[in-house]
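Enquirer: After the structure tokens below, expect a handful of questions from me.
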Amino acid sequence: MYLANVMVYVDPQQQDEGQVRVAEGIADKFHASMIGVSASAIDPPFVAEGVIIEQTTEDDIKRIRADLAAKGEWFRKIAGRERHKVEWRWALESPTAFLAEQARVADLVVFKRRKAQSDNFHYLDSAEAILRMGRPTLSVPEGVTGLSADRIVVGWKDTREARLAVRDALPFLTRASKVTVAEICTSDEQDAATRRLRDVASYLERHSVNCQSDVRVHTAEPDAEYLVRLARNEGADLIVTGGYGHSRLGEWMFGGMTRGLLQHAPICLLMSH
């Protein structure tokens with residue numbers, strides 16, 4: 001199992017190197033190419049009573065282009081690899097739409113986890129990106145600059161998304177020293193959950209993954225918090241889960257587990273949708 005192309009999204013005004021360093025480490029581990037992506041849309045004119053009050057000027061557009069080009073040089077310096085193994089792509093359009101489009105050439109898409117922004121002209125909407133790209137995504141929390149993935153926790157749910165996530169995570173799972181697959185179920189589902197995890201463990205063991213299973217009955221503790229606590233107890237720095245969500249009235253919405261992990265997990269999350 002290997003990765004050939006690791007894509008990483010960079011905010012145009014970003015100064016910290018966190019998710020780029022994580023992507024660099026992954027690319028080094030798999031001898032993969034790195035593709036940096038950034039974008040910023042042109043603000044539409046502000047119109048009041050049919051009169052244009054404010055609009056983006058040609059000088060503004062030149063400045064944005066220069067900023068994106070300069071961020072590309074910044075990215076190349078951090079990537080620190082042979083020229084033919086690093087690429088920079090940028091556009092004057094919606095960051096989310098551009099990343100979803102460019103993801104067609106990626107095996108894995110890495111981005112920095114941040115609070116939701118209402119300004120989708122200039123900032124990535126990670127919820128929409130995860131649900132649109134059709135590629136596994138690795139979200140990196142603030143302050144994290146590396147990923148060992150030596151110990152991994154898998155949040156299992158017998159769904160399409162979880163199956164995709166486990167398959168997509170195989171390059172990491174097969175290299176881990178220990179993988180813990182956990183399912184949180186109701187009290188009357190414990191036997192069925194045990195059977196499901198037995199199948200998942202068998203599948204992973206056939207891929208030479210060293211894994212154990214953990215069935216837990218729902219309690220007052222939120223499921224996301226339990227997975228984070230389990231990861232902490234196992235010494236894991238990666239959680240693998242399905243990315244659950246849908247579109248409601250034109251807005252991409254996450255399910256409770258996915259939203260809780262993205263908001264509170266202090267470690268990297270690999271999700272597939």
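Enquirer: Sequence-distant or interchain residues sharing an amide H contact under 5 Å with V240, placed H: which?
Expert: The list, which skips near neighbours in sequence, is V153, V154, G155, L270.
Enquirer: A further question follows. When a/c reaches 1.5 or more, the comparison of a/b and b/c decides; with that in mind, is region 135-273 rounded, prolate or oblate per its Cα gyration tensor?
Expert: On the way: a/c = 1.37, a/b = 1.09, b/c = 1.27.
Note, shape of region 135-273 comes out rounded.
Enquirer: Same structure again: For the chain, with every protein chain kept in place, what is the accessible area per residue (1.4 Å probe, Å²)? Provide the component values of the computation, followed by the final result.
Expert: Numbers: 13470 Å² over 273 residues.
Accessible area per residue: 49 Å².
Enquirer: Also, I was wondering about something else. With each run of n ≥ 4 DSSP H residues scored as -39500 (n - 2.57), what mean residue ellipticity at 222 nm is computed for the chain after dividing by its residue count and rounding to the nearest 500 deg cm²/dmol? Write out the running numbers ahead of the final one.
Expert: Working: 9 runs with 102 residues, N = 273.
Calculated mean residue ellipticity at 222 nm is -11500 deg cm²/dmol.
Enquirer: Could you sort out which of K29/K62; K77/K157; K71/K157; K62/K112; K71/K178 sit more than 30 Å apart by Cα distance in this structure?
Expert: On the way: K29/K62 38 Å; K77/K157 40 Å; K71/K157 39 Å; K62/K112 26 Å; K71/K178 38 Å.
The answer is K29/K62; K77/K157; K71/K157; K71/K178.
Enquirer: Counting only C-alpha contacts under 8 Å and six or more residues apart, can you give the relative contact order of region 66-200 as a whole percent?
Expert: Relative CO of region 66-200 lands at 18 percent.
Enquirer: Right, next: Under 8 Å for C-alpha pairs, at least 6 residues apart: give me the relative contact order for region 139-199, rounded to a whole percent.
Expert: Numbers: 44 pairs, mean separation 23.3, N = 61.
Normalised by residue count, the contact order of region 139-199 is 38 percent.
Enquirer: Cα axis of helix 190-206 to longest principal axis of the chain: angle in degrees, 0 to 90, nearest 10?
Expert: Value to nearest ten degrees: 70.
The values are calculated or read from the model by the stated rules, or taken from the named source; none is laboratory data. Being a predicted model, the structure only gives us computed values, none of them experimental. In case anyone asks, the SASA skips ligands and DNA or RNA and just uses the protein heavy atoms, side chains included. Shrake-Rupley method; radii C 1.70, N 1.55, O 1.52, S 1.80 Å.
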